[in-house]
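What follows is a short report on a single structure.
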Amino acid sequence: MTLSVVTYSLPSLSIQATNLAAEFNVPCVDLSTLSEFKQKKIDNYLSEQLEMDHPVVLSLEKTGLSLRVIKLVSGAISADFYGPSVSYRRTKGGGRKQMLARAVGLKKGACPTVIDCTAGLGRDAFVLASLGCRVVMLERVTVVHALLKDGLLQARIHNCPELNEILDRMELISTDACKYLKVPELNTDVVYLDPMFPERYRGTLVKKEMQIFQNFIGMDDDSDSLLDLALSVARQRVVVKRPRIATHLSNFKPSYTLEGKTNRFDIYLV
C-alpha cells in the first residue's frame, strides 16, 4: 500500500496540508466542513471521492498528524511524546530496571549512545532518551518520518523544561539504516533493532500500530544484513527486539537474552 491522500480538519491548516500533499504527490482533501460527522461517514466520503476501498490517509488536525487505513484497521496511529500513556511510562515505567534499559546496558550510571535503526513511532527511543541516552532515530519510510517529526514538534509546543531536555537527546534522520551504518568512522555504543517480520503466531493479538505498519509499510526483508552491519559499528552491543517465540535474527545466537511475556531482547556483545 501507498499513501492515498492528505486531509485537514481546520481551514487554518490548509497551507500545511497542501505542502504535505505536494511532498508526497497525493491529493489534498478539506474535511473542515465535515467536522460534525461521525468518522464512519467521513471514511465513506473519502472512499467514494478517491474511488478506493481502503485508502491510506495522513490526517492533519489541531493535535498533529496521524495515519490510518480506512475500513481495514480501526483507529489511527501517531507519534506521541507528551500524552498520558507516554508520561506515565516515563515517570512510573520502572526506570533503569525495565527490560529495555537493561538490554542496552543502562547500569551504574552509564548512558550509552544509541542508534535506533528502526525508529517506528519512537517509543523505545523516547524511553532511552528519558533515561539519559543520546539516541539517533533512523526512519526510511517518509510518511513515518513525517509522523515522528510532527510528534517531536507537538511535544515542544508544551514548553516543558524536563521534556525539552529529553527531546534534546533525540535526533531524527530520514535515511535507510543500511546506508547510514556504512558512514565512515561512525561511532555509537549501542545499535538497536526492532524490525518487522512476517511471522504470525497462534493466539497473538496484533496491535493497531502493527496492523497499520504491516499493511502500509510491509516487512523488513533486509534485517539479516542490517544485523551484520550493526555488529561492525557498535562499540559495546547490538540489541534486537523480537517476539518471544521467534527465531533468532539471521539464525545467529545472541550472547544472552532478556525475555518478557510477549517480547524478548537478544543482546549481542561486541
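Quick notes on this one:
- Overall form of region 1-86 per C-alpha gyration tensor (a/c, 1.5; a/b vs b/c): rounded
- Our summary gives region 1-84 a relative contact order of 30 percent, counting only alpha carbon pairs under 8 angstrom and 6 or more residues apart.
- Neighbourhood net charge (15 Å Cβ-Cβ; Lys/Arg +1, Asp/Glu -1) for L172: -2
- Gyration tensor (alpha-carbon) shape descriptor, region 212-270, a/c threshold 1.5: oblate
- In this structure, the pairs whose alpha-carbon distance is over 22 Å, taken from K207/K241; K241/K261; K41/K149; K208/K241; K208/K253, are K41/K149; K208/K253.
- The chain: relative contact order in percent, alpha carbon pairs under 8 Å with at least 6 residues between: 16
- Computed over neighbours whose Cβ is under 9 Å from that of D124, the net charge equals 0, Lys and Arg +1, Asp and Glu -1.
- In the elastic network of the chain, a GNM with C-alpha springs shorter than 10 Å, the most mobile of K71, K40, K108 is K108.
- Cα gyration tensor category, rounded, prolate or oblate, for the chain with a/c compared to 1.5: prolate
- Longest DSSP-loop-exposure-free segment, chymotrypsin sites (Phe, Trp or Tyr not before Pro), the chain, at most 15 other Cβ within 10 Å: 38-200
- Carbon and sulfur %, accessible surface of the chain computed with the full protein complex present, 1.4 Å: 50
- The value of relative contact order for region 88-154, using C-alpha pairs under 8 Å at least six residues apart, is 29 percent.
- Environment charge at D266 (Cβ cut-off 12 Å; Lys +1, Arg +1, Asp -1, Glu -1): +4
- When DSSP beta bridges are restricted to pairs lying wholly in the chain, around 45% turn out antiparallel.
- Computed [θ] at 222 nm, helices only, for the chain once each DSSP H run of length n ≥ 4 contributes -39500 (n - 2.57): -10000 deg cm²/dmol
- Most mobile of C160, C111, C133 in a GNM of the chain (Cα contacts under 10 Å): C160
The values are calculated or read from the model by the stated rules, or taken from the named source; none is laboratory data. A quick note: this is a predicted structure, and the numbers were derived from the prediction, not measured. As a convention, Cβ positions derive from the backbone with ideal geometry for all residues, glycine included, and neighbour counts pool all protein chains shown. Just the protein is used for accessible areas: all its heavy atoms, side chains included, with ligands, DNA and RNA removed. Shrake-Rupley method; radii C 1.70, N 1.55, O 1.52, S 1.80 Å.
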